[in-house]
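Please treat every number below as a calculation from the coordinates, not as lab data. Quick caveat, the model's predicted, so the values are computed rather than measured. Please note: Cβ atoms are built from the backbone with ideal geometry, for glycine as well, and neighbour counts cover all protein chains shown.
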Ligand code: FES
């Protein structure tokens, strides 16, 4: 059901794990399937994402899309990463079965949530 690239990211996910000193943490869940995704970002003084990790309790597509999402935003600016779409994640994986596209939305939402958390923490610090 999955193509080779998806299988590769599913079997050997990149950037897996917790990040104790993360600058932003995003946790999202899919109410329908119950899958949960957590994304951690480390942001440097130039607003660049210097490191990113994730933890996903979910299906193969959820794991593959979170893995690919981390690859796509690593080394990017917060601004660029905030424009990541689930279509871009699916495209980078050379496609997903139609019934699994919603899983990629979870990855995009986790990135968005981690960025929102980072921005909120930064604003709090500035106060
Ligand atoms: Fe739940 Fe894929 S089935 S995220």
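A few notes on this one:
- Order of 78, 36, 115 - criterion: other Cβ atoms within 10 Å of each residue's Cβ, fewest first: 36, 78, 115
- By the count of other C-beta atoms within 10 Å, a proxy for reagent exposure, 122, 100 are ordered fewest to most as 122, 100.
- Taking each residue as 0.36 nm, the span from residue 11 to residue 87 lengthens on full extension beyond its C-alpha to C-alpha distance by 25.2 nm.
- Crossing angle, helix 60-73 versus the chain [Cα axis fit, 0-90 degrees, rounded to tens]: 40
- Which of 127, 109, 18 has the fewest Cβ neighbours within 10 Å, and the rest in rising order: 127, 18, 109
- In degrees, nearest ten, helix 101-126 long axis to first principal axis of the chain (Cα): 10
- In this calculation the C-beta distance from residue 101 to residue 122 is compared with R0 = 30 Å, giving a FRET efficiency of 0.40.
- Kirkwood's formula applied to the C-alpha pairs of segment 1-94 gives a hydrodynamic radius of 13.5 angstrom.
- A full extension of the chain between residue 94 and residue 79 corresponds to an added length of 2.9 nm, given 0.36 nm per residue minus the alpha carbon distance.
- Anisotropy class of segment 11-50 from Cα gyration tensor, a/c 1.5 cut: prolate
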